[in-house]
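Q: This is the structure I want to talk about, given as structure tokens.
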Amino acid sequence: MSNRKIRVLVAKPGLDGHDRGAKVIARALRDAGMEVIYTGLRQTPEMIAAAALQEDVDAVGVSILSGAHNTLCPRIVQLLREKGMDDCLVLVGGIVPQEDLPKLKQQGVAEVFLPGTSTEDIVKFLRENVKPRD
Amino acid sequence: MPETKEPSSPVEVEKERWENETLDPALAKHPERKKSFQTVSLKEVDRLYTPADTEHVDFSRDIAFPGEFPYTRGIHPTGYRGKLWTMRQFAGFSTPEETNARFKYLLEQGQNGLSVAYDLPTLMGYDADSTLSEGEVGKCGVAVSSLADMEVLFDGIPLEKVTVSQTINAPASVLLAMYLVVAEKQGANWDKISGTLQNDILKEYIAQKEWIYPIKPAMKLVVDTFEFCTNHVPRYNPISVSGYHIREAGATAAQELAFTLRDGIEYVAWGVDAGLEVDRFVPRISFFFNAHNDFFEEIAKYRAARRIWAREMKERFGSSNERTLQLRFHTQTAGVSLTVQQPLNNIVRVAIQALAGVLGGTQSLHTDAYDEALALPTDRAALIALRTQQIIAEETGVVNTIDPLGGSYYLEALTQKMEDEALDYFRKIDAMGGMVGAIERGFPQREIQDSAYQYQKAVERGEQVIVGVNKYAMTDETSGVPILVIDESVRTHQVERLEQTRSQRDAGAVAKALDRLKLAAQNNENTMPATIDAVRAYASLGEICSALRDVYGIYEEPAF
């Protein structure tokens, strides 16, 4: 086991400015001892993937409430894979209809956290699913 | 901690006797359910309120009569006995054709005002064909890229008769121009047009975060609309100073109250600095508050809001005009309180929140649809939301007397506490040079983030209960609720109309109008006339905002 802290990029793609969730999650992950980088608002999938690579993160948490998840999330996964970040988890949090969940997971999203999720569950998911590095 | 303070009033002496003789034996037998009872803003609530808690509240100074200073009990001498609030449901999705049909449906169902929700590209000043608009067109509201879309949106809706509220901020002056040109084409006289533009850019930097330009030029655009409307559209409210989004971002009730009213004071100060006369433009400033779960805290907030505004307008700006002193507001139930889990429970939450708005004396009300934590509302969900208001108005009897909760020891003490907390924030913000200075320092933003985090932690500890989420949870409860899906064909449709508009307009006239607008912005002139001319020439929203971006630059949020 390495002592490396889990590194997470909290990302806010699209035009939506509702960042309450993103900021609460960022703080909760920090309080849980993780290293968190927040992208700020209105990042394109390309900007998010580039930041993930540069920051060498274990996971990208995408906060999205606008309904644009089907367009933006698969593209983020695809760009990460193109950069060779095969182990980087992509988590989605926000307003996503039940019907869209299977497709998002099939497209490589590790988990979708809907409104009402406890931040502790997200911490637990990351601890259990981030691949340990040497 | 036992009370050590000596009781001073007869009521306090009596209360101490009651505690010793009646309460303590009862507590010894049956302890209370928890150590501390808190509002949804995590403020401590006492076991019992008595006249001792309101001894600093003077009836004629602080409560008084409706329609009279300081308006704590409402701005109308007849309350809702004269006129009910306006039932104004916020709606907008997909194409202008689809939203136009929803508007007509709502009007047929007895709604008496309209409220437009625009999609994210429109809110950010981008056209439907911008690459930044991919995946977003028509999703969170209706897509409007030019006058051609606005003409379809209000087709068959007489703007001289129906009042329309528009939720638009950073590009508000452009959407106002489109609205005025559509009204003009319908043959309506601008003198008779009423309605409201949200146009509250300060709360964008604080909470909602749909900004375009840096703060100071953005404030200049707001003042331009004040001046233009005062002179040309006198019955129109050019701003709705909004606490709604501040609350949704995580603020407490007192923070919502304080930041919203301090924003209002900032707009008045900027208007005065630009040479506007207080009693000519302030009467058209309206407000917009949230209605959250904690019933009494919300009612206290609305009552305190009216009292503070009246006093501040009098003391800071020397006004004695009653229209300037009277705070008028719209209320919307708290979207953030709605749950994905067991969504029908939201109908009950909305009803209780709406009741608080009514008991607080709101002028207009939007009730959220029960499916809003899932997606935009379906027709059925939107109808139940409207019926909720109609039930409160027609069946409950709460409208029969004015400010029916006035005089409650708890409510009056809470109203006073709200006022004290707000004034405390005013002192801090004034010391930072006003709201613009406070925002530049990240002060309100940080206060709100802290409150949002504290609330989340209280929910996770189970101290704040959300029925169906952290208590009484079930599995599979969302299945069976139909939701509204907006597909990507909306963007194709909108891009086609935009291309058609571009091919049919006089390109030379558009270029000339945009140049004139830039010049007006550079020379610090009022930008409204040039914006209206650009809209008339069918310049698109994206083109107009881009011209202003060239002059003003864009806002970059500092990290905090």
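Q: Got a sec? Which of B:Asp129, B:Asp191 is part of a helix (DSSP H, G or I) and either touching a strand residue (DSSP E or B) at 6+ places or on another chain (Cβ under 9 Å) or surrounded by fewer than 22 Cβ atoms within 10 Å (Cβ to Cβ) (or both)?
A: Answer to the check: B:Asp191.
Q: Can you confirm whether segment B:502-521 contains a residue that is over 27 Å from B:Asp379 (Cβ atoms), hydrophobic (A, V, I, L, M, F, W, C) and assigned to a loop (DSSP other than H, G, I, E, B)?
A: Scanning segment B:502-521, I find no residue that is over 27 Å from B:Asp379 (Cβ atoms), hydrophobic (A, V, I, L, M, F, W, C) and assigned to a loop (DSSP other than H, G, I, E, B), so the answer is no.
Q: Tell me which residues, restricted to segment B:52-104, are at pLDDT below 95, among the hydroxyl-bearing types (Ser, Thr, Tyr) and touching a Lys or Arg at 6+ places or on another chain (Cβ under 8 Å).
A: Hits for segment B:52-104: nothing passes.
Q: Can you tell me which residue among A:Val24, A:Val36, A:Val8, A:Val60 is in a strand (DSSP E or B), within 14 Å of another protein chain (Cβ to nearest Cβ) and either within 15 Å of the chain's Cα centre (by Cα) or at pLDDT below 95 (or both)?
A: So the residue among A:Val24, A:Val36, A:Val8, A:Val60 that is in a strand (DSSP E or B), within 14 Å of another protein chain (Cβ to nearest Cβ) and either within 15 Å of the chain's Cα centre (by Cα) or at pLDDT below 95 (or both) is A:Val36.
Q: On to the next question. Which fully enclosed helices (runs of 4 or more DSSP H) of segment B:319-419 have 2 or more residues being within 14 Å of chain A (Cβ to nearest Cβ) and on the phi < 0 side of the Ramachandran plot?
A: Counting at least 2 such residues, we get B:345-359.
Q: Taking the criterion of being within 14 Å of chain A (Cβ to nearest Cβ), within 25 Å of the chain's Cα centre (by Cα) and either over 17 Å from B:Thr95 (Cα atoms) or not in a loop (DSSP other than H, G, I, E, B) (or both), would at least one residue in segment B:155-167 satisfy it?
A: Yes.
Q: Then there is this: For the structure I just gave you, tell me whether B:Thr95 is among the hydroxyl-bearing types (Ser, Thr, Tyr), over 18 Å from B:Leu197 (Cβ atoms), touching a residue at least 12 places away in the same chain (Cβ under 8 Å) and away from chain A (no Cβ under 14 Å).
A: Answer is yes for this residue.
Q: Only residues that are over 28 Å from B:Ala393 (Cα atoms), small (Gly, Ala, Ser) and surrounded by 15 or more Cβ atoms within 10 Å (Cβ to Cβ): list them for segment B:46-81, please.
A: Across segment B:46-81, the qualifying residue is only B:Ala52.
Q: Can you confirm whether B:Val465 is buried (at least 17 other Cβ atoms within 10 Å of the Cβ) and assigned to a loop (DSSP other than H, G, I, E, B)?
A: No; evaluated as a whole, the condition is false for this residue.
Q: Just one of (1) touching a strand residue (DSSP E or B) at 6+ places or on another chain (Cβ under 8 Å); (2) surrounded by 24 or more Cβ atoms within 10 Å (Cβ to Cβ); (3) more than 25 Å from B:Ile448 (Cβ to Cβ) trips up B:Met178, so point out which.
A: Of everything listed in (1) touching a strand residue (DSSP E or B) at 6+ places or on another chain (Cβ under 8 Å); (2) surrounded by 24 or more Cβ atoms within 10 Å (Cβ to Cβ); (3) more than 25 Å from B:Ile448 (Cβ to Cβ), B:Met178 misses just condition (1).
Q: Then there's this: Mind telling me which of the residues B:Ser36, B:Ser41 ends up being within 25 Å of the chain's Cα centre (by Cα) and assigned to a loop (DSSP other than H, G, I, E, B)?
A: After ruling out the rest, the residue left standing is B:Ser41.
Q: If I filter segment B:108-126 for residues that are in contact with a Leu (Cβ under 8 Å, 6 or more places away or on another chain), away from chain A (no Cβ under 14 Å), part of a loop (DSSP other than H, G, I, E, B) and surrounded by fewer than 19 Cβ atoms within 10 Å (Cβ to Cβ), do I get at least one hit?
A: For segment B:108-126, residues in contact with a Leu (Cβ under 8 Å, 6 or more places away or on another chain), away from chain A (no Cβ under 14 Å), part of a loop (DSSP other than H, G, I, E, B) and surrounded by fewer than 19 Cβ atoms within 10 Å (Cβ to Cβ): present.
The values are calculated or read from the model by the stated rules, or taken from the named source; none is laboratory data. All of these numbers come straight from a predicted model, not from anything done at the bench. Cβ: placed from backbone, ideal geometry, glycine included. Neighbour counts: every protein chain shown.
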